[in-house]
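Engineer: Shown below is the structure under consideration.
Every number here is computed from the coordinates shown, using simple stated rules; none is lab data. What you see is a predicted model, and the numbers here were worked out from it, not measured in a lab. A quick note on method: Cβ atoms are made from the backbone with ideal geometry, for glycine too, and the neighbour counts reach across all protein chains shown.
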Amino acid sequence: MKRYLTTLVLVICAFTLFGQDKIILTSGEIIKGVILEKNDSLVIIETNRIKDYKVINMKLEFQRSQIKKIIDSSEKKGKNVTVNLVGGSVISGRLISKTKDEIVLTNIKGLDIDTLTIKQRQIEKLKMSNNEDRKTFFDIGLLRGGALIGGELEFVIQPNYTFFLGGGIKGYAVGLNVFPNTGFTGLAFKVGYFHQGIGESYSGSYVSSGMSMKTKVGFTFDLGLGFIVDRGRYNYGGQNLILTYGVGWRF
């Protein structure tokens, strides 16, 4: 049992690697790592390279003229916002910094610039977009929470990640959803532990990894592979690997 739970933890940790920074060079080469410094003239990134058959950590420096695109994970962790300015103009982008005096946006729609600083006195209204101001979601349906009929409560733990606890008719579940896109909607990676049945009705348990499709409010669908941890009343057809799926409605 401990071995399978350890595997679950390792899989969850592997999902967190989606947060790596990336630099795409004009040559087509992709450099992955952690951006240490970024300005108008150069970018410095810390990455791992193989040298003399060993993996070593190093800092690489690139001029802006060498770079085609920068994917900064710290900017991805911002929130989608719509800013109504004094005077009637509207700007949409990702909020990456906010103080009492100003806000800083990136990924600004219609503007080909890295960041934009807006003074608070210029702002009439600041509105969060999509679901990014929400802290919880609830999903109820079939084959949910380790049960035939059940539900899963999602807690937002950081941008792009939700932790879920599930339960239903004699079953429970726990796991993690990772959303590559913002707003906690669309295609997600899902990994979790599912315990089916309790006491004399215990059927078995498995660790599942797969994909989940979620809407803001509405239909949800899961599809993945389950690795059998333990067998109870149900033998899972003698298989060690099973197909997992579920449907539900998200509130």
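Engineer: Assign unit charges at the C-beta atoms only (+1 for Lys and Arg, -1 for Asp and Glu), then state the dipole size of the range 79-128 relative to its Cα centre in Debye, rounded to the nearest 20.
Structural biologist: I would put it at about 240 debye.
Engineer: Also, I was wondering about something else. How high is the FRET efficiency between Gln239 and Asp112 when r is their beta carbon distance and R₀ equals 45 Å, given to the nearest 0.05?
Structural biologist: Using R0 = 45 Å, I get an efficiency of 0.30.
Engineer: Quick one: which of 218-228, 144-154 comes out on top by average Cβ neighbours within 10 Å, and what's the full order, highest first?
Structural biologist: Descending mean neighbour count gives 144-154, 218-228.
Engineer: Could I ask something else about it? Please compute one quarter of the surface area of the Cα convex hull for the chain and express it in square nanometres.
Structural biologist: 17.8 nm²
Engineer: Using a simple charge model, +1 on the beta-carbon of Lys and Arg, -1 on the beta-carbon of Asp and Glu, nothing else, what dipole does the range 55-173 show about its Cα centre, in debye to the nearest 20?
Structural biologist: Computed about the Cα centre, the dipole is about 100 debye.
Engineer: Measure nothing but the geometry: give the 0 to 90° angle between the long axis through the Cα atoms of 2-15 and the longest principal axis through the Cα atoms of the chain, rounded to 10°.
Structural biologist: Between the helix axis and the principal axis of the chain, the angle is about 30 degrees.
Engineer: Right, here's the next one. Pull up the cross-link candidates among the aspartates and glutamates for Lys170, meaning alpha carbon to alpha carbon under 15 Å and not fewer than 8 places away within one chain.
Structural biologist: Glu152, Glu200
Engineer: How big is the charge dipole of the chain about its Cα centre, in debye rounded to the nearest 20, if each Lys and Arg gets +1 on its Cβ and each Asp and Glu gets -1 on its Cβ?
Structural biologist: Computed charge dipole of the chain: roughly 140 debye.
Engineer: Still on this structure: Which entries of Lys22/Lys214; Lys135/Lys190; Lys59/Lys127; Lys69/Lys98 show an alpha-carbon separation above 30 angstrom in the structure shown?
Structural biologist: Lys59/Lys127
Engineer: In what order do Thr162, Thr47, Thr99, Thr115 fall by count of nearby beta-carbon atoms within 10 Å, going from fewest to most?
Structural biologist: Least crowded to most crowded, the residues run Thr99, Thr115, Thr47, Thr162.
Engineer: Something else: If you take every residue apart from Gly186 with its C-beta less than 10 Å away from the C-beta of Gly186, what net charge results, scoring Lys and Arg +1 and Asp and Glu -1?
Structural biologist: +2
Engineer: With 10 angstrom as the radius, rank Leu143, Leu105 by how many other C-beta atoms surround their C-beta, starting from the fewest.
Structural biologist: Ascending Cβ contact count within 10 Å gives the list Leu143, Leu105.
Engineer: Also, quick follow-up: Picking from Ile44, Ile56, Ser97, whose Cα lies most toward the positive end of the charge dipole for the chain (charges on Cβ: Lys, Arg +1; Asp, Glu -1)?
Structural biologist: Ser97
Engineer: Kindly identify the range 133-250 as rounded, prolate or oblate by the Cα gyration tensor criterion: order the square roots of the eigenvalues as a ≥ b ≥ c, call it rounded if a/c is under 1.5, otherwise compare a/b with b/c, prolate if a/b is larger, else oblate.
Structural biologist: The shape class here is prolate.
Engineer: Shifting gears a bit: So for the chain, taking the charge dipole from beta-carbon charges (+1 Lys/Arg, -1 Asp/Glu), which of Phe251, Leu25, Met211 sits furthest toward the positive end?
Structural biologist: Phe251
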